[in-house]
Amino acid sequence: MESNNEIDPGLRKKLSVLQLEYERDPEKVKRGRSAFLQEAEQFAKTVSPLNKMRHNGWINSIQSIFMFRKKEHTPMFNTLMTIMLVFTLVLGGGGTTLVAAQNTQPDQPLYGIKLWSEQFRSNLTNNPQNKYQLSLEFADRRFEEIQNLFQSGGIPTEEIQNRYINQVEQTIRFAMSLSDDRALNALQQIQERLQIQNQALLQVKTDGTVNADASLTRTRLMIQERLNWIEGGLSNLNQLREQIRQQEKVHEQDPQNPESNAEQATRSIPEGGAGNPWTTGTPTPYSGYGPGDCTNCTPSGNGESNPWTTGTPTPYSGYGPGDCENCTPSGNGESNPWTTGTPTPYSGYGPGPGSDPSQTCTPGTGDDIMPQPTQQQIGQPTQAGPQPTTTGTGSQATPGSGDPGGKH
Amino acid sequence: MNSFTEQDLLIGARAYDLNILGMIYDRYSPGIYRYAMRLLGDECLAEDCVAETFSRFLKVIRSGLGPKDHLQAYLYRIAHNWITDRYRRQPPTPITLDDSMHADKNTLPELQTETIMEQKEVLLALRSLTADQRQVVILRFIEGWGNEEVAAALEKPVGAIKALQHRALETLRICLVKGKKDDIDGIK
């Protein structure tokens with residue numbers, strides 16, 4: 001035997017104890033053979049190769065090219081392999097998509113996945129400090145997107161701008177959830193970032209179109225406004241926290257409209273004179289607060305320009321005729337429906353001075369006096385600049401035709 | 001019966017020719033039984049192994065798969081896998097001496113006991129090998145197969161079979177020859 005030369009004689013002797021001939025019970029052999037043939041007969045009767053199996057030969061041939069040849073039919077192995085393959089494809093493919101989405105811009109298809117992944121990361125973070133840092137990072141990303149858009153000659157839509165500013169607000173909110181010391185540090189950090197971003201926008205060159213310039217201005221105004229918040233917050237942290245609470249209330253009332261909550265909150269500023277709840281500082285140019293810069297404005301007069309009220313003006317609300325020192329009251333007493341008493345100087349009632357106080361006012365007949373404020377007047381709620389005239393100029397100033405702004 | 005080659009038998013088996021299937025059983029079942037007995041040392045288990053081997057063979061043919069050649073090697077592979085699974089599922093059954101056991105009239109009880117102990121020792125040594133090594137040793141040195149046949153049964157190249165064989169014999173030599181020699185030296 002060829003194998004005898006390959007084995008140690010002592011070992012061969014040891015192994016030879018297994019080379020016994022085992023007597024097999026003939027009865028068991030007969031039974032085993034009969035059972036085998038019976039099983040084969042059943043298969044032969046009822047089973048031809050399954051339809052789906054008939055053409056599997058070519059699949060196996062192809063598989064054998066790429067894979068190791070299977071020793072046996074192993075359904076469990078195949079199932080496990082399939083599950084693993086699906087998981088690998090889903091996780092691997094999903095991971096690749098996520099990574100690819102991280103550098104997308106708002107106008108690209110995978111941008112939604114980028115936002116979703118950021119939201120997911122934010123939700124997974126429990127530590128307030130980490131949440132804040134993450135939010136700050138995302139705010140930077142939003143700004144870079146806007147900057148890239150400007151630089152590539154595009155114009156960021158209002159949605160993109162709002163997304164950015166919402167992220168900034170979110171960051172401020174997370175900063176406010178920190179302890180006082182950390183919150184102050186965080187606010188300073190946000191302030192620095194926003195200032196840098198504001199400066200960066202100053203250097204951005206748009207394509208010169210009106211829309212691009214307007215969009216750039218709007219973005220800068222948004223940043224400026226948040227800087228004002230932060231400025232107020234640095235001087236009074238609790239006040240900023242209160243503002244944020246109010247803002248969240250506004251957001252809760254209209255959660256479907258994600259448009260900058262701060263803008264909504266700003267619009268919902270209460271009665272004139274109550275001040276600006278968002279800032280206690282000096283109004284910043286273009287921030288939307290303080291006197292306007294309109295010198296030759298004519299009221300639009302369509303009544304739609306005042307979204308704050310459509311009701312009847314109330315005394316001291318700033319509507320009605322202004323205070324004119326040299327004007328003679330119209331005489332019929334109907335010119336001021338809000339009071340029957342003697343108008344008090346600077347109270348906002350009584351005949352206005354007209355645009356030229358040197359002119360002598362002629363008492364009117366009362367016909368050209370507005371019996372009640374018109375929609376034109378309603379359209380100018382708190383406009384505090386040089387006042388527009390309504391029906392006449394100062395030379396023809398008649399009682400009631402003077403300063404509709406009343407008090408200023 | 002001997003005129004049928006393995007290819008002929010496989011073609012007949014795929015057609016569910018009962019005569020051919022009977023021939024296959026008659027030709028290969030004794031060897032598989034012997035193989036199972038040598039590894040398991042239990043008649044009932046060896047019979048189970050034979051029955052399961054041929055049953056699996058039928059199922060494989062039914063599914064349209066199965067061997068294209070080397071029928072004998074294929075059947076031994078099924079038996080080997082069954083035995084390996086059996087090893088994994090449960091530890092080896094302890095061999096007990098029953099009072100009702102009767103000595104073979106032709107052999108002395110002490111010789112018979114010695115043979116049984118030697119068999120047990122070899123079986124334990126074989127179990128210390130890997131499944132592939134064990135199969136190579138059994139097929140090569142007990143069943144007397146050639147390298148090519150063993151390679152077909154294990155679906156490995158001949159070189160790999162030789163490497164398995166080398167490592168297996170080295171392990172067995174340590175277990176059965178060297179270990180015994182050390183024991184004797186220790187007694188002296």
Exactly one condition in (1) over 17 Å from the mean Cα position of the chain (by Cα); (2) assigned to a helix (DSSP H, G or I) is not met by A:Gly153; state its number.
(2)
The correct count of residues that are more than 15 Å from A:Lys131 (Cα to Cα) and at pLDDT 90 or above in the range A:169-183 is 0
Residue list for the range B:11-28, restricted to those being over 22 Å from B:Gly144 (Cα atoms) and either at the interface with another protein chain (Cβ under 7 Å from one of its Cβ atoms) or polar (S, T, N, Q) (or both):
B:Tyr16, B:Leu18, B:Asn19, B:Leu21, B:Gly22
Pairs please, first residue from the range B:127-156 and facing chain A (nearest Cβ under 10 Å), second anywhere and acidic (Asp, Glu) and loosely packed, with under 15 Cβ neighbours inside 10 Å, Cβ atoms under 9 Å, 6+ apart in sequence or on different chains.
B:Gly146/A:Glu2; B:Asn147/A:Glu2
In the range A:156-176, the residues that are surrounded by 17 or more Cβ atoms within 10 Å (Cβ to Cβ) and of a type in the set (Val, Ile, Thr):
A:Ile160, A:Ile165, A:Val168, A:Thr171, A:Ile172
Selected residue (criterion: nearest to the chain's Cα centre (by Cα)) from residues of the range B:47-73 that are of a type in the set (A, V, I, L, M) and modelled with pLDDT of 90 or more
B:Val50
Given the conditions (1) within 30 Å of B:Leu126 (Cβ to Cβ); (2) more than 9 Å from chain A (Cβ to nearest Cβ); (3) free of Cβ contacts under 8 Å to residues at least 40 places away in the same chain; (4) among the β-branched types (Val, Ile, Thr), every one holds for B:Ile83 apart from (3)
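Which of the helices (runs of 4 or more DSSP H) found entirely inside the range B:75-188 contain at least 3 residues meeting this: surrounded by 17 or more Cβ atoms within 10 Å (Cβ to Cβ) and either modelled with pLDDT of 70 or more or of a type in the set (Ser, Thr, Tyr) (or both)?
The helices (runs of 4 or more DSSP H) meeting that bar are B:109-127, B:131-137, B:147-154, B:158-172.
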Suppose we keep only residues that are more than 8 Å from chain A (Cβ to nearest Cβ) and surrounded by fewer than 19 Cβ atoms within 10 Å (Cβ to Cβ) within the range B:29-51. Which one would you say is farthest from B:Gln135 (Cα to Cα)?
B:Cys44
Count of the range A:177-192 residues which are acidic (Asp, Glu) and buried (at least 18 other Cβ atoms within 10 Å of the Cβ)
0
Select from the range B:62-74 the residues that are part of a helix (DSSP H, G or I) and either surrounded by fewer than 18 Cβ atoms within 10 Å (Cβ to Cβ) or more than 8 Å from every other protein chain (Cβ to nearest Cβ) (or both) and list them in ascending order.
B:Leu71, B:Gln72, B:Ala73, B:Tyr74
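Residues checked against (1) modelled with pLDDT of 90 or more; (2) over 15 Å from A:Ser135 (Cβ atoms):
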{"position": "A:Gln167", "(1), (2)": "yes, no"}
{"position": "A:Leu187", "(1), (2)": "yes, no"}
{"position": "A:Ile190", "(1), (2)": "yes, no"}
{"position": "A:Gln203", "(1), (2)": "no, yes"}
{"position": "A:Gln224", "(1), (2)": "yes, yes"}
{"position": "A:Trp229", "(1), (2)": "no, yes"}
{"position": "A:Lys249", "(1), (2)": "no, yes"}
{"position": "A:Gln253", "(1), (2)": "no, yes"}
{"position": "A:Glu263", "(1), (2)": "no, yes"}
Screening A:Ala200, A:Ala214 for residues that are touching a residue at least 12 places away in the same chain (Cβ under 8 Å) and in a helix (DSSP H, G or I) leaves only A:Ala200
It is to be established whether one or more residues within the range A:126-134 are under 30 Å from A:Asp213 (Cα atoms) and surrounded by 18 or more Cβ atoms within 10 Å (Cβ to Cβ).
no
Answer with yes or no whether A:Leu85 is facing chain B (nearest Cβ under 7 Å) and either modelled with pLDDT of 65 or more or over 24 Å from B:Trp145 (Cβ atoms) (or both).
no
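The values are calculated or read from the model by the stated rules, or taken from the named source; none is laboratory data. None of these values were measured; they are calculated from a predicted model. Don't worry about glycine lacking a Cβ; one is built from the backbone with ideal geometry, like all the others, and counts go over all protein chains shown.
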